[in-house]
Amino acid sequence: MEYFETPSCTGTSVETLKALPKKINGRICSDNNIGWGLHAQEHLSAFKVVCSCLLVLIPCTIFIVCWFHFHPGDIQGAFSPPAFIASLYAAVLVVPQLLSSRYI
C-alpha cells in the first residue's frame, strides 16, 4: 500500500510498467481459468494541470496590474515579462517529456 499512498516513490512510469506482471503467450493455465492483472493507464491529472497554470497565471496577472498602475499605457512593457515567464515555464514542462525514452 506504500506506493498507493505515496506514488512519487515508485519512480518513472517506465520502471513501474516493467515491474508489473504480464501475460506473455497463450492462455492463463490454472484449475479454474481465473487470472488477474493490472491495466496501467498514464494520463494527466486535471487538478495538477489547473494548479500548475494558476501558479504561473496569478503572479503574471499581479505583475500586469502593478505595471499598469505605475506605468499607465505601457502595454508592451506589462506583457513582455509574463509572456517570457509563461513560455519558459512551458519549455520546462515539455523538454523532460521530449527527452524521455518514450519519444526518442
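Mind listing just one residue for me: the one in the range 46-104 that is more than 25 Å from the chain's Cα centre (by Cα) and not in a helix (DSSP H, G or I) and, of those, modelled with the lowest pLDDT? Top of the filtered list is GLY73.
In the range 42-66, the residues that are farther than 17 Å from PHE84 by Cα form no Cβ pair under 6 Å with any partner that is loosely packed, with under 11 Cβ neighbours inside 10 Å and of a type in the set (Lys, Arg), whether six or more places apart or across chains.
The values are calculated or read from the model by the stated rules, or taken from the named source; none is laboratory data. Since we're looking at a predicted model, the values are computed, not measured. With ideal geometry, Cβ positions are generated from the backbone for all residues, glycine too; neighbour counts draw on all protein chains shown.
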